[in-house]
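Trainee: My structure is below; once you've seen it, I'll send some questions.
Every number here is computed from the coordinates shown, using simple stated rules; none is lab data. Here the structure is a predicted model, which means the values were calculated and not measured. In this analysis, Cβ positions are derived from the backbone assuming ideal geometry, glycine residues included, and neighbour counts consider all displayed protein chains.
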Amino acid sequence: MIDPTKIDINQLPKKFCDGALGGFGKEVFSFAITSGNNLDSFAATPQMMKSISIWMNKQIENYEKQFGEIDMTPPQIQSPIQVADLGKRDDDIK
């Protein structure tokens, strides 16, 4: 096991997380974190998952104390593919 007191978090390579998915059974939580087209899959015991949850919630609580509440409003991004464009040729869309 890695000694967390000997880790410099700023020196670790990072991926930008843009999504997560998962599920659970009686003995294990399974989840994946997405980064662009990459997916990293993990499994954890219920105890470890709860430990991660407690840590994350504390991080979010401290963040919001410092920077304000995180706005969870979904961004209004229009898809580049619209239903109205289906069946049109490329020349018609431009």
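Trainee: Over the chain, what is the relative contact order in whole percent, taking alpha-carbon pairs under 8 Å and six or more residues apart?
Mentor: 13 percent
Trainee: Among (i) 11, 24, 34, 16, 10, 5, 0; (ii) 17, 48, 29, 6, 0; (iii) 17, 50, 25, 7, 1, which one is P(r) over Cα pairs in 10 Å bins from 0, in percent computed from these coordinates?
Mentor: (i)
Trainee: How far is helix 46-67 tilted, in degrees, relative to the longest principal axis of the Cα atoms in the chain, given as a value from 0 to 90 rounded to the nearest 10?
Mentor: The helix 46-67 is inclined about 70 degrees to the chain.
Trainee: Mind ranking 4-17, 55-68 by how tightly packed they are, going by the mean number of other C-beta atoms within 10 angstrom, highest first?
Mentor: Numbers: 4-17: 7.1, 55-68: 9.8.
Descending mean neighbour count gives 55-68, 4-17.
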